Amino acid sequence: MALVSAGNLASRPTSRVERAVTRCLPALVDLLFVCVLFAVLFGLGGRTLGDDGDAAWNLRIGSYILAHGIPRAEFMLSTTLGQPTVYWEWLSQTLYAVALRLGGLNGVVALAAVLVALTSALLFAGMRRRAIPLALALPLALVAIGLTSITWTARAQLFSLLLTVLWSECLWRYWRSGDRRLLWLFPPAMALWVNLHGGFIAGLILLSVTAVVAWLFPTRRGLAEPRALTLALASSLAATLVNPWGPGLITHIVSFFQNPLITRSIQEFQSPDFHSLSMQLFLAMVFGLVGVWIWLSRQSGTGGPEPLALAHGAVWTALALISVRFVPLWALVVTPILGESLVLCLRRWFSAAPAGQAAHTRLRGIAAAGAARFRNVEATDRQASRGIWSALALLWILATVARGGAMPGMTARALDARFDPTVFPVEAAQRLHEVGVPPGRGFTTFSWGGYLDYALPEYHAFIDSRSDVYSQQLLQDYAAITALAPGWQGLLDRYAVRWMLLPASEPLAQLLALSPEWHCAAADTSAVAALCLRGGAP
């Protein structure tokens with residue numbers, strides 16, 4: 001069987017009417033963009049705001065930046081109030097705050113949906129550009145998109161997903177074309193990325209691995225030049241200093257990742273849980289890639305997998321097995337490599353198979369029939385319109401957000417994004433905003449602190465889910481209090497905690513309700529939150 005790219009397919013003659021109709025159809029990349037956009041926006045809706053409070057404190061920081069400029073000291077937490085702090089995601093937080101100002105929470109969710117859809121479309125387009133057949137590129141892209149779904153919340157990390165796809169694709173295009181103009185894109189892109197999200201480290205990893213492979217395998221590097229790649233890497237490293245804190249941002253990030261309590265207590269820094277379906281898909285793709293590479297390596301005269309593909313696959317697989325936060329990046333970087341490896345494997349398998357064997361003959365027939373069916377689809381896709389349907393979908397979404405969530409021509413709200421009132425103390429925060437926050441320092445949970453940063457700005461939370469703005473000792477003390485560890489009451493005294501807003505099901509709230517020193521009552525009508533005051537009635 002000859003597996004051919006879309007550019008080599010021959011299409012049958014078509015009439016003028018058929019060509020006109022075909023040009024009105026959306027290309028598959030546009031169809032994928034629109035489907036993902038609507039699925040995230042209308043399918044997930046408010047769930048895109050997450051359940052960990054991260055989106056909330058991002059909105060609070062972004063709104064503060066719009067009103068007062070980039071802060072240099074902590075302004076939200078009571079435990080670190082006024083201390084110097086690095087807001088390393090300030091640009092993405094500002095963009096989300098602009099979306100909030102223009103369209104409310106619907107605007108925030110719309111921005112997140114656009115980032116996810118654009119990442120998905122660019123991943124698929126990059127795989128097709130690498131001559132991966134449609135029959136293989138589409139399912140692989142869908143699986144990779146599914147693996148990125150663990151990050152689909154309105155946070156800065158969505159910008160890293162988008163930039164990772166672009167960065168990886170530019171690297172591979174340079175590797176195979178030698179076009180130095182592509183290398184000029186990396187330093188300005190890094191200067192943007194470093195102000196959007198800490199995921200800029202992924203770009204440096206990709207560029208570093210590529211430069212090392214270019215130096216180590218001079219006969220296998222294609223048209224890439226090691227010196228040019230090294231210069232691009234050095235320029236990108238220098239570009240990381242283009243931020244409001246200069247070298248201080250890098251120092252802050254390094255100290256954050258060196259905190260052992262962070263890696264032990266925060267889920268995204270832990271190894272993948274292979275009991276979940278998404279992680280099982282990830283593991284299956286890893287085994288598939290390894291299996292294909294082993295097969296290619298055993299074929300005489302083939303030379304095995306490409307060194308750069310092998311290096312990127314090995315590095316990103318190791319990172320993903322160490323920390324689940326790298327799995328979405330693995331999907332974006334390694335899935336195209338898997339697609340190319342599968343194409344090469346199939347080509348060599350069919351070309352090397354003996355012609356007389358019945359099994360191989362049947363497989364050739366099945367493959368030929370499948371290729372014939374997709375040949376017309378790919379020919380149609382080449383003639384279909386590109387970009388128009390995506391632009392129309394964006395205009396439709398903008399009109400829907402501008403109308404308060406009601407689609408054009410409709411009065412009912414199809415989009416009504418809000419924080420989940422069964423997860424966050426939405427009603428309790430509204431009541432406290434109306435009647436006033438109790439005096440003294442308050443205490444709440446890790447995720448609720450992030451939500452209250454946004455919903456109750458007059459309250460300075462004890463802790464929130466940022467985890468990089470307070471000391472390791474504070475995180476340990478918080479864990480001891482919520483776990484009711486020995487000495488937890490003494491910790492409340494040390495921090496002068498006078499009141500608590502806690503989930504009603506929290507063991508701490510139930511224990512305080514039995515204590516004569518504390519007086520607890522429901523903080524809402526839905527039994528989500530309990531408000532406990534020390535020495536007084538709520």
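Number of residues in the stretch 399-412 that are at pLDDT 90 or above and loosely packed, with under 15 Cβ neighbours inside 10 Å: the value is 3.
Would you call Ala121 under 29 Å from Ser465 (Cβ atoms), of a type in the set (A, V, I, L, M) and modelled with pLDDT of 95 or more? Answer is no for this residue. Looking across the stretch 36-77 at every residue that is at positive phi and touching a residue at least 12 places away in the same chain (Cβ under 8 Å), the one that is surrounded by the fewest Cβ atoms within 10 Å (Cβ to Cβ) is identified as Gly45. Could you list, in sequence order, all residues of the stretch 417-443 that are closer than 23 Å to Thr80 by Cβ and touching a helix residue (DSSP H, G or I) at 6+ places or on another chain (Cβ under 7 Å)? If the condition is that a residue be closer than 23 Å to Thr80 by Cβ and touching a helix residue (DSSP H, G or I) at 6+ places or on another chain (Cβ under 7 Å), then Phe424, Pro425, Ala429 are the ones that fit. Cβ separations smaller than 7 Å between residues 6+ apart or across chains give the following pairs from the stretch 308-321 residues that are in contact (Cβ under 8 Å) with a residue 40 or more places away in the chain and under 19 Å from Ala224 (Cβ atoms) to residues that are buried (at least 22 other Cβ atoms within 10 Å of the Cβ) and among the polar types (S, T, N, Q): Leu308/Thr210. Assessment of the stretch 215-232 against the conditions (surrounded by fewer than 17 Cβ atoms within 10 Å (Cβ to Cβ), among the aliphatic types (A, V, I, L, M), out of contact with any Leu (no Cβ under 9 Å at 6 or more places or on another chain) and part of a helix (DSSP H, G or I)) yields at least one matching residue. Identification of helices (runs of 4 or more DSSP H) wholly contained in the stretch 88-199 with 3 or more residues that are under 19 Å from the mean Cα position of the chain (by Cα) and without any contact (Cβ under 8 Å) to a residue 40 or more places away in the chain yields 90-129. Which of the residues belonging to the stretch 487-538 are in contact (Cβ under 8 Å) with a residue 12 or more places away in the chain, of a type in the set (A, V, I, L, M) and more than 20 Å from Gly440 (Cα to Cα)? Of everything in the stretch 487-538, those that are in contact (Cβ under 8 Å) with a residue 12 or more places away in the chain, of a type in the set (A, V, I, L, M) and more than 20 Å from Gly440 (Cα to Cα) turn out to be Ala504, Leu511, Ala527, Val528.
Does any residue of the stretch 271-284 turn out to be part of a helix (DSSP H, G or I), among the acidic types (Asp, Glu), on the phi < 0 side of the Ramachandran plot and surrounded by fewer than 17 Cβ atoms within 10 Å (Cβ to Cβ)? Within the stretch 271-284 (the criterion being part of a helix (DSSP H, G or I), among the acidic types (Asp, Glu), on the phi < 0 side of the Ramachandran plot and surrounded by fewer than 17 Cβ atoms within 10 Å (Cβ to Cβ)), the answer is no, since none of the residues qualifies. Residues in the stretch 354-364 include none that are at pLDDT 80 or above, more than 30 Å from Phe269 (Cβ to Cβ) and hydroxyl-bearing (Ser, Thr, Tyr).
The values are calculated or read from the model by the stated rules, or taken from the named source; none is laboratory data. Quantities reported herein were computed from a predicted structural model and do not represent experimental measurements. Positions of Cβ are generated from backbone atoms using ideal geometry, with glycine treated the same way; all protein chains shown enter the neighbour counts.
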